[in-house]
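Trainee: Handing you a structure now.
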Amino acid sequence: MTSQLSRQEARSAHARPHSRLNHGRLNHRGLGFTTGELIRTDLLTPRLRRLCVALPDLAWTPGQHVRVVVSGPARSWAGGVLPRGTLRSYSVFDYDGSVLQLCVLDHGDGPGARWARAARPGDLVRLSAPQGRLVVRPAPYYLFAGEETAAVTFGPMLRTVGTARVYGVIEVDGRADRLPLHAGLAWRYRDGRSAAASASLASAVAGLDLPSQPGLAYVAGEARTVQAIRSHLVRDRGWPRRQVLTKPYWTPGRTGMD
């Protein structure tokens, strides 16, 4: 499994005419949006859908995400303000300067999951420029913790750490849900249990044999689990809060995080 597209697809994306694309800027709460064309969809795991969007010349740092318009036609964006429930955030799995790879977890029946299932090559995708501060910074070592949604974010970040020491735990439902990530990570399996407020992931992080001095932690995924892991690192291990960077992506029952 690889995050790279075939050479033929990459050449096609570079050569693709953009006459259908409207690159005018939609300004929603200070976010500039642009339009790309969906050129490929596939499954990286049985529940993780990859969408490849032809969109050249974006500025992206591994770990950043984009905001995607997942419902509502362009004509409904009166005054440049999008209707409630229209936007969802997705991590960028890879970007080669011409094709942006997004990954959407296929779970539930929220607007994002419905959009990803229905998406077909040739569709136009309206999205923001890459944004976010969950990016790799210099540190004596790194700790990564999260579940399936976090694994998408961590993949490109881990490709940039070089020879730095890496610790961490990724929890997924089963072995088929693993992505090819850094060898320093441990994997845990829920085997059908809910990922919400995952005590098993928090326990696995608590059981890690970390150096005595804090490093830099990246914790992402379900909101309550993220909070539990951050509390453990700060309260039990004495890490400064500024060295525990968090990103809650979803939690049950909260609009915009489903």
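Trainee: Please indicate, with yes or no, whether at least one residue in the stretch 237-251 is over 21 Å from the mean Cα position of the chain (by Cα), small (Gly, Ala, Ser) and not assigned by TED's automatic domain parsing to the domain that holds His65.
Mentor: The answer is yes; a qualifying residue exists.
Trainee: Quick one: in the stretch 227-258, of everything that is among the small types (Gly, Ala, Ser) and modelled with pLDDT under 95, which residue is nearest to Thr86 (Cα to Cα)? Before the answer, list the steps.
Mentor: So in the stretch 227-258, the residues among the small types (Gly, Ala, Ser) come out as 228, 231, 238, 253, 256.
Checking which are modelled with pLDDT under 95 leaves us with 253, 256.
Working: Gly253: 16, Gly256: 9 Å.
Checked the stretch 227-258; the qualifying residue nearest to Thr86 (Cα to Cα) is Gly256.
Trainee: Name the pairs: first residue in the stretch 50-66 and outside the structural domain of Leu87 (by TED's automatic domain parsing), second residue buried (at least 22 other Cβ atoms within 10 Å of the Cβ), Cβ to Cβ under 9 Å, at least 6 apart or on different chains?
Mentor: none
Trainee: So, Ala118, is that one without any contact (Cβ under 8 Å) to a residue 24 or more places away in the chain, small (Gly, Ala, Ser) and farther than 18 Å from Ala220 by Cα or not?
Mentor: yes
Trainee: Another question, if that's okay. Is one or more of the residues making up the stretch 215-231 of a type outside the set (A, V, I, L, M), outside any helix (DSSP H, G or I) and out of contact with any strand residue (DSSP E or B) (no Cβ under 7 Å at 6 or more places or on another chain)?
Mentor: No; the residues of the stretch 215-231 include none that is of a type outside the set (A, V, I, L, M), outside any helix (DSSP H, G or I) and out of contact with any strand residue (DSSP E or B) (no Cβ under 7 Å at 6 or more places or on another chain).
Results for (1) out of contact with any strand residue (DSSP E or B) (no Cβ under 8 Å at 6 or more places or on another chain); (2) among the polar types (S, T, N, Q); (3) crowded, with 22+ Cβ neighbours inside 10 Å; (4) in contact (Cβ under 8 Å) with a residue 60 or more places away in the chain, shown as yes or no for each residue.
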site	(1), (2), (3), (4)
Val169	no, no, yes, no
Ala176	no, no, no, yes
Arg188	no, no, no, no
Gly192	yes, no, no, no
Gln213	yes, yes, no, yes
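Trainee: Run down Gly85, Gly122, Gly97, Gly110 and say which single residue is over 14 Å from the mean Cα position of the chain (by Cα), at pLDDT below 95 and on the phi > 0 side of the Ramachandran plot.
Mentor: Gly85
Trainee: For the stretch 232-258, which residues satisfy the criterion of being of a type in the set (D, E, K, R), within 21 Å of Met157 (Cβ to Cβ) and not in a strand (DSSP E or B)?
Mentor: Arg241, Arg242
Trainee: Looking at the stretch 59-82, which of the residues that are farther than 17 Å from Val152 by Cβ and part of a loop (DSSP other than H, G, I, E, B) is modelled with the highest pLDDT?
Mentor: This residue is Ala59.
Trainee: Report every pair of residues separated by at least 6 positions or lying on different chains whose Cβ atoms are under 6 Å apart, first residue within the stretch 87-99 and assigned by TED's automatic domain parsing to the domain that holds Val66, second among the charged types (D, E, K, R).
Mentor: So the pair list comes out as Leu87/Arg67; Ser89/Arg67.
The values are calculated or read from the model by the stated rules, or taken from the named source; none is laboratory data. Everything numeric here is computed off the predicted structure, so don't read it as measured data. Using ideal geometry, Cβ is built from the backbone for each residue, glycine included, and neighbour counts are taken over all protein chains shown.
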